[in-house]
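Since the structure comes first, as structure tokens, the remarks are kept for the end.
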Protein chains: 2
Amino acid sequence: MTAEITGLVCVKCARSYHAGDHLVCPHCGVEGILDVEYDYDRMKASLRREPLGRREDLSIWRYADMLPTGGLGSRMRRVGWTPLYSFSQLGSALGHSALFLKDDTVNPSASLKDRASAIAVAMAAEKGAGAIACASTGNAASSLAVLSASVELRSYIFVPQTIPRPKLFQLAACAERVFRVQGTYEDAFDLATKAIAAWGWENRNCAINPYLVEGKKTCSLEVYEQMGYRVPDWVVVPVGDGCIISGQWKAFKELKIVGETTALPRLLAVQADGCRPIVDAFANDADLVPVEGNTFADSIRVGKPRNWRKALKALRESGGSAVGVSDGEIAEAAVLLGRKTGLFAEPAAAAGLAGCRKAVELGLIKSDEVAVVLVTGSGLKDPEAIANSVRVCDTGRDLESVAKWL
Amino acid sequence: MTAEITGLVCVKCARSYHAGDHLVCPHCGVEGILDVEYDYDRMKASLRREPLGRREDLSIWRYADMLPTGGLGSRMRRVGWTPLYSFSQLGSALGHSALFLKDDTVNPSASLKDRASAIAVAMAAEKGAGAIACASTGNAASSLAVLSASVELRSYIFVPQTIPRPKLFQLAACAERVFRVQGTYEDAFDLATKAIAAWGWENRNCAINPYLVEGKKTCSLEVYEQMGYRVPDWVVVPVGDGCIISGQWKAFKELKIVGETTALPRLLAVQADGCRPIVDAFANDADLVPVEGNTFADSIRVGKPRNWRKALKALRESGGSAVGVSDGEIAEAAVLLGRKTGLFAEPAAAAGLAGCRKAVELGLIKSDEVAVVLVTGSGLKDPEAIANSVRVCDTGRDLESVAKWL
């Protein structure tokens with residue numbers, strides 16, 4: 001059984017709409033991102049009948065009664081139920097005794113975005129759509145292409161020229177078409193929006209499609225369950241468009257609404273210093289001012305985040321915070337993560353750890369507060385990014401040439 | 001409870017040794033690969049007490065009573081229990097109605113090799129070793145580096161110069177040292193062997209270390225369980241050193257020994273035409289003749305396979321077969337896999353599907369025989385490999401430049 005949607009509420013003007021009527025608020029336009037609301041009494045009853053922890057499905061669909069769709073069963077590749085780790089050696093290196101990592105690098109397309117695309121693809125397939133499209137810096141696109149292919153849905157993908165080549169070829173292998181747009185992510189987004197209108201494709205653009213955040217919720221639902229039905233003190237999230245962090249907040253709020261918990265976590269948003277419009281808006285307690293983004297962490301190089309209102313609202317409601325980290329700090333965190341845990345993260349995904357480290361140093365996160373860092377995407381998506389931060393020992397075929405590196 | 005080892009038997013001379021005494025047969029040298037034998041009555045009793053299917057562990061350690069080690073619990077990253085898929089659209093494309101894919105791309109380091117490294121790392125940690133080493137075309141190495149890092153074991157890795165850059169950087173992020181050896185995989189293997197002897201590191205070289213095949217068994221143990229306790233008609237395996245296919249055969253033979261099943265599958269070995277010493281030895285019913293390997297599928301570019309005896313024995317005992325596929329056929333299979341299922345496989349991993357397709361065309365595999373193709377590693381490991389086989393649509397920022405690609 002899926003959750004019953006009672007309405008879609010605009011995050012800007014708070015007007016409410018029936019499900020299916022609109023993708024964004026008709027009064028506010030693309031600024032008016034919608035938020036999905038459910039019949040929470042019904043959800044509560046469902047959770048009473050089948051409590052969390054007693055469910056057999058080893059994927060995001062174990063939470064079907066908290067989602068707008070129940071998925072497509074074994075037709076779609078398996079998404080979610082990723083490991084939650086606690087490596088004491090990493091905590092020690094950071095001077096932090098309660099650090100957890102949520103490893104979303106092992107999703108089908110190797111990023112957290114699979115959680116959102118799974119919802120989009122399932123809803124599109126349920127209504128008999130033949131094609132779906134999105135613009136993306138890479139991960140949303142590859143997850144859409146990968147999951148669409150698994151259920152025979154055609155995917156049309158718009159990416160900026162700066163996309164790392166591994167992401168490009170992953171896409172090219174799986175998508176119906178990959179359009180590499182001469183310009184930035186914002187240009188790709190605008191062109192995708194026009195093309196979607198012109199050809200009537202389903203819209204998977206994350207901030208625009210209100211159902212996608214619902215998929216992202218599942219990451220924190222898993223964290224809650226995997227921690228033994230406890231809410232961490234902090235959830236640390238790398239932020240681009242602002243959709244992932246919004247989804248995590250919605251998960252915990254809904255767990256509270258249905259009576260699973262009374263606690264809520266604080267959120268820490270992490271952005272790259274070269275592209276930190278949400279960090280700055282949070283610090284200035286102001287609306288977002290778009291910037292020209294510049295960072296090697298391409299998955300969070302979003303100068304004009306579409307979902308900044310939801311993200312800032314989540315940060316403020318949670319009593320959270322936001323920090324910027326330099327590209328150097330991100331690269332250092334990526335290598336620390338690799339060496340101490342074997343998790344190979346793309347720069348944007350390593351940014352979470354870099355931000356957590358900074359927050360501990362700043363005293364924002366106390367060293368004994370339970371912090372969960374989302375590792376949002378695999379380093380295999382963009383391996384060249386750390387080429388200058390690691391060492392390869394070139395040798396001949398003799399022991400002496402090995403010995404000199406030891 | 002782990003399985004009790006009763007002896008190590010040489011695959012060349014059939015002499016038997018006590019566990020722990022030797023890594024290879026002292027009479028036959030490196031030609032004398034050892035095979036692990038267990039107390040099967042004890043294994044049978046254990047399976048009676050706790051049948052397959054009633055186990056909660058969602059990793060290879062659910063089969064601890066069929067393995068030489070029970071693992072390190074939550075200290076190590078989660079390996080195994082990967083999905084088994086059946087996508088009807090792929091079967092239709094191949095004219096094959098009972099095709100399954102075992103998706104080992106979602107292991108921690110994105111390849112099947114994690115199953116073997118998990119055993120090596122657990123056994124090394126259990127005996128208090130500080131360091132472990134291997135030579136590898138890439139995947140064995142990255143799995144060793146990744147899993148070692150997660151349990152604070154130092155890893156020393158030897159790779160050939162031809163290693164794809166994504167694999168190189170994944171290694172460099174996680175390993176203690178990565179030695180890029182001037183030469184081929186064979187040169188890297190020889191240098192690693194010398195260094196292991198010189199510095200007393202644990203040896204993870206697959207053909208040499210008899211326990212690694214035990215980890216690879218778990219892939220077929222999962223297949224058996226995921227198919228509802230049935231043995232497929234065929235298991236299709238890309239072959240390099242010959243260790244993976246040997247492991248699959250051992251899994252099914254042991255399931256038969258302990259009385260789980262009476263059936264055994266037939267094995268299909270797939271190699272690239274540019275490097276097919278095992279295919280040729282099988283066809284000629286002869287011993288292996290080493291070759292100069294030449295294929296873009298780097299994970300199976302092994303001209304002098306160390307485990308050819310075990311591999312050929314498995315093929316012959318199973319009544320199986322062996323086929324070669326061209327690099328073009330592999331690339332085509334990689335794109336077919338992506339477009340029809342969303343699985344992005346590296347060339348060596350796509351070789352399995354290419355081989356299955358050929359075997360169906362040749363009538364070796366009947367169109368209604370149940371075939372499981374092992375998808376052994378992620379395409380993100382070597383995305384450039386398919387650069388010339390896929391299309392990227394370059395566009396401006398206007399709809400017209402999109403339309404011309406539709």
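Of the residues screened, residue A:232 is not one that is touching a residue at least 12 places away in the same chain (Cβ under 8 Å) and within 18 Å of residue A:206 (Cβ to Cβ). Scanning region B:58-92 for residues that are small (Gly, Ala, Ser), within 26 Å of residue B:122 (Cα to Cα) and facing chain A (nearest Cβ under 8 Å) yields a single hit, B:74. If only residues of region B:179-216 that are of a type in the set (Ser, Thr, Tyr) and surrounded by fewer than 24 Cβ atoms within 10 Å (Cβ to Cβ) are counted, the one that is farthest from residue B:2 (Cα to Cα) is B:184.
For residue A:219, the requirement of being assigned to a loop (DSSP other than H, G, I, E, B), buried (at least 24 other Cβ atoms within 10 Å of the Cβ) and either within 11 Å of chain B (Cβ to nearest Cβ) or within 19 Å of the chain's Cα centre (by Cα) (or both) is not met. Which residue is modelled with the highest pLDDT, if the candidates are limited to region A:113-151 and must be in contact with a Ser or Thr (Cβ under 9 Å, 6 or more places away or on another chain) and part of a loop (DSSP other than H, G, I, E, B)? Top of the filtered list is A:113.
Go through the residues of region B:11-27 one by one and say whether even a single one is surrounded by 15 or more Cβ atoms within 10 Å (Cβ to Cβ) and under 16 Å from residue B:250 (Cα atoms).
Scanning region B:11-27, I find at least one residue that is surrounded by 15 or more Cβ atoms within 10 Å (Cβ to Cβ) and under 16 Å from residue B:250 (Cα atoms), so the answer is yes.
The condition (being surrounded by fewer than 24 Cβ atoms within 10 Å (Cβ to Cβ) and in contact with a strand residue (DSSP E or B) (Cβ under 9 Å, 6 or more places away or on another chain)) is satisfied by just one residue among B:279, B:291: B:279. When the residues of region B:1-42 are filtered to those that are closer than 21 Å to residue B:307 by Cβ and aromatic (Phe, Trp, Tyr), the one that is nearest to the chain's Cα centre (by Cα) is B:38.
Checked against the criterion of being crowded, with 23+ Cβ neighbours inside 10 Å, within 8 Å of another protein chain (Cβ to nearest Cβ) and over 24 Å from residue B:404 (Cα atoms), the candidates A:111, A:150 yield just one match: A:150. Which count do you get for residues in region B:24-73 that are modelled with pLDDT under 95, assigned to a helix (DSSP H, G or I) and of a type in the set (D, E, K, R)? Residues that pass the stated criteria total 1. Going by the conditions given, is residue B:142 surrounded by fewer than 24 Cβ atoms within 10 Å (Cβ to Cβ), more than 21 Å from residue B:64 (Cα to Cα) and within 10 Å of chain A (Cβ to nearest Cβ)? It is false that residue B:142 is surrounded by fewer than 24 Cβ atoms within 10 Å (Cβ to Cβ), more than 21 Å from residue B:64 (Cα to Cα) and within 10 Å of chain A (Cβ to nearest Cβ). Listed by first and then second residue, the pairs linking a residue in region A:359-383 that is farther than 24 Å from residue A:112 by Cα and without any contact (Cβ under 8 Å) to a residue 24 or more places away in the chain to a residue that is in a loop (DSSP other than H, G, I, E, B) and β-branched (Val, Ile, Thr), with Cβ atoms under 6 Å apart and 6 or more places separating them unless they lie on different chains, form an empty list.
Scanning region A:177-199 for residues that are at the interface with chain B (Cβ under 7 Å from one of its Cβ atoms) and modelled with pLDDT of 95 or more gives A:177, A:178, A:179, A:180, A:181, A:182, A:191, A:194, A:195, A:198. Contact annotation: residue pairs with Cβ atoms under 6 Å, 6 or more positions apart or on different chains, pairing a residue in region B:152-164 that is assigned to a strand (DSSP E or B) with a partner that is of a type in the set (Lys, Arg), are B:156/B:177; B:159/B:180. Number of residues in region A:78-104 that are over 18 Å from the mean Cα position of the chain (by Cα) and under 27 Å from residue A:36 (Cβ atoms): the value is 0.
The values are calculated or read from the model by the stated rules, or taken from the named source; none is laboratory data. Keep in mind it's a predicted model, so treat the numbers as computed, not measured. All Cβ positions, glycine included, derive from the backbone under ideal geometry; neighbour counts span all protein chains shown.
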